[in-house]
Amino acid sequence: MFFRALKCELVKNLRKKRTFWAFAAVTALVSVLLIGYVVSRFDPVSEYLRHASPPERALANMAVEAFGNGMLFAVLFMGLLGFALMPVLAVAFGGELISSEIQLGTLRTALTRPVTRLGFYMTKYAYAALITLGFVLFTAVLTYGLGVLFLGRGPLLVPAALLGQVRGQVRSGTFPGLHVLSEQTALARFFVAYLLVAIAVMTMTTLSFTLSTLVKHTGAAMIIAISTYFILLIVAAVPWLESWRPYLFVSKMTYWLPVFQPDPPVRQIWGDIGYFALYNAALFIPGLLVFLRRDVQC
Amino acid sequence: MGDAILETEGLTKRFGARVAVDGLSLRVARGDVFGFLGPNGAGKTTTIRMVTGLIRPNAGQIAIGGVRLRRSRRKALRKVGALVETPAFHPHLSARTNLAVFASLSRRVDGKELDEALDTVGLLARAGDKVKTYSHGMKQRLGIACALVPQPELLVLDEPSDGLDPHGIKDVRDLIPSLARELGVTIFISSHILSEVEQTCSRLAIIDHGRLVTQGTMDELRSAEPVVTFGVDRVADARRLIEEKLGLDVLSMDETELRLTLPHERIADVNTALVSAGHRVHAIVTARQSLEDLFLELTEKSIR
């Protein structure tokens, strides 16, 4: 019953034009980034090396030149895609799942069927999780695939900048260097990192899904979810609100970065996964309770 | 009571301070085409929403085929196919895919069953077209097909002729008895179109202000007394005379006529009273009480 309903949910949503537009938009954006990367000979390390010694800077620049392959491109833009684009598109997917059924009146038709409200809601949420995961993995395959196609394969140069380690250490006058992961190791870690991105992005899916239950208008649910995300980003960036950051999930959106360290801090990453799981549960449960109790008046 | 497909007992729904349905007890026997009537805002749709599990009653019980809805929602709703208010579908999907999507929430169905349901309502030829290209009447028929796919024992139709043109109304009016006859399904239908209910329903209930006014077969409910129409001048004065002096209830009146239920032996008394008061009586017509007369009589009494 659950899988039959899930299959129908897929049929229903994957036949919407906007689903294809979302995938097309990501393809277009990644293509533009790739073209920009190739044309501008983008060097992400040098910005962080302004205070490094000239030999260190020269070495780093040579390394970037030598390792400028598809894997580096894919990893470099993972942050941008996972931080800005995917949360927005997750909102577009999750924010309409219940509210669009309310607006169309199809919720009324569906709930006169012998289905429990819990079952119906869980099916919808499972679809939301599935489409988020599918979308994130699509982005991963697309960035890596296009990167390899135009820039070639090879090992991954991991600029310490990417790991968020450089800034502080450069100021102290010590450049921590670069390290290289073999192609197989880099590829495995790349997909693990994208799974972690999916978990972080799922928080936005859950937020918008809950809002689509509480707010009857699809557009309103999406606008509130996106506004919440950007407001939280601003709050997380305010220096005198630093003590709030541990409670703001947006401050952990790049928790996957340490996956590319030579020895990834596995316990810390599991802890962060637990953090997101709790966050998702806290966002999901209010919507579920409202849905279970609410009279369907649409 | 064992052969009832739908029973409600003391069903009550409040929205804040407003009582939409107040202690409603209904009984629909298997095989009935049951008409559910009431003025706007009487509580018909609220009752149907409670019966189909869309809203929860504040008090009372609903049993479908002997299964309590609150206790065994899935088991009870497996017996029901419903079209509640305007039919709602996914506009970007075809009629057949819409049926498959909704049917998947009930049970596994094959393409043949979907086509049979579409054929029953005359939409098989357009089954592959997207629903956004459908007229209101076609959507209404698709709504009925959607309610039929789970092969329900009880078909609940809320205003199935609402918004249809005369051809559409006739189509639905012809369809309902054929569904009951050919599929053996019990039909619970709410409608504003009293002639439609009179022609199609074997039993009916009338509610007003959320309360049951009456229920039974047409013959049980219809007054044994005929409805007498008096064609008379100065109608308002004549009405006052009949109600105040003779103590009779006038069912309805227009510019030239008054209608009231009256035993045959009192027709002459009313005529004499009108003539004695100086009225010119130009017609006296007797007829059997129609559903419209009954409805107006019962709901107007209730308003007073």
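The values are calculated or read from the model by the stated rules, or taken from the named source; none is laboratory data. These figures come from a predicted structure and were not determined experimentally. Please note: Cβ atoms are built from the backbone with ideal geometry, for glycine as well, and neighbour counts cover all protein chains shown.
Before moving on, here are some points about what is shown:
- Out of A:A236, A:A186, sole residue that is surrounded by fewer than 21 Cβ atoms within 10 Å (Cβ to Cβ) and in a helix (DSSP H, G or I): A:A236
- Once region B:66-85 is narrowed to residues that are in a strand (DSSP E or B) and among the aliphatic types (A, V, I, L, M), the residue that is nearest to the other protein chains (Cβ to nearest Cβ) is B:A82.
- Any chance A:G82 is in contact with a Leu (Cβ under 7 Å, 6 or more places away or on another chain), at pLDDT below 90 and over 27 Å from B:C146 (Cβ atoms): no
- Taking region B:1-35 as the range and being of a type in the set (F, W, Y) and closer than 17 Å to A:Q297 by Cβ as the test, only B:F15 passes.
- Qualifying positions in region A:73-95 - of a type outside the set (A, V, I, L, M) and surrounded by 23 or more Cβ atoms within 10 Å (Cβ to Cβ): A:F73, A:G82, A:P87, A:F93, A:G94, A:G95
- Taken together, the residues in region A:241-259 that are crowded, with 17+ Cβ neighbours inside 10 Å and in a helix (DSSP H, G or I) amount to 7.
- Every residue from region B:149-177 that is within 18 Å of B:V28 (Cβ to Cβ), within 13 Å of chain A (Cβ to nearest Cβ) and aliphatic (A, V, I, L, M): B:L154, B:L155, B:V156, B:L157
- Scanning region A:108-140 for residues that are touching a residue at least 40 places away in the same chain (Cβ under 8 Å), at the interface with chain B (Cβ under 8 Å from one of its Cβ atoms) and of a type outside the set (D, E, K, R) yields a count of 3.
- If the condition is being over 28 Å from the mean Cα position of the chain (by Cα) and not hydroxyl-bearing (S, T, Y), then region A:104-127 contributes A:L104, A:G105, A:L107, A:R108, A:A110, A:L111, A:R113, A:P114, A:V115, A:R117.
- For region B:225-247, a tally of residues being surrounded by fewer than 19 Cβ atoms within 10 Å (Cβ to Cβ), in contact with a Ser or Thr (Cβ under 9 Å, 6 or more places away or on another chain) and closer than 30 Å to B:G43 by Cβ returns 1.
- When B:F102 is tested against (1) touching a residue at least 12 places away in the same chain (Cβ under 8 Å); (2) farther than 30 Å from B:G16 by Cβ; (3) in contact with a strand residue (DSSP E or B) (Cβ under 8 Å, 6 or more places away or on another chain), only condition (3) is not met.
- Screening A:P286, A:P262 for residues that are touching a strand residue (DSSP E or B) at 6+ places or on another chain (Cβ under 8 Å) and either exposed (fewer than 15 other Cβ atoms within 10 Å of the Cβ) or part of a helix (DSSP H, G or I) (or both) leaves exactly one candidate, A:P262.
- Any hit, region A:227-241, residues being among the hydrophobic types (A, V, I, L, M, F, W, C) and touching a residue at least 60 places away in the same chain (Cβ under 8 Å): no
- Restricting region B:97-133 to residues that are under 19 Å from A:R113 (Cβ atoms) and of a type in the set (D, E, K, R), the residue that is farthest from the other protein chains (Cβ to nearest Cβ): B:E116
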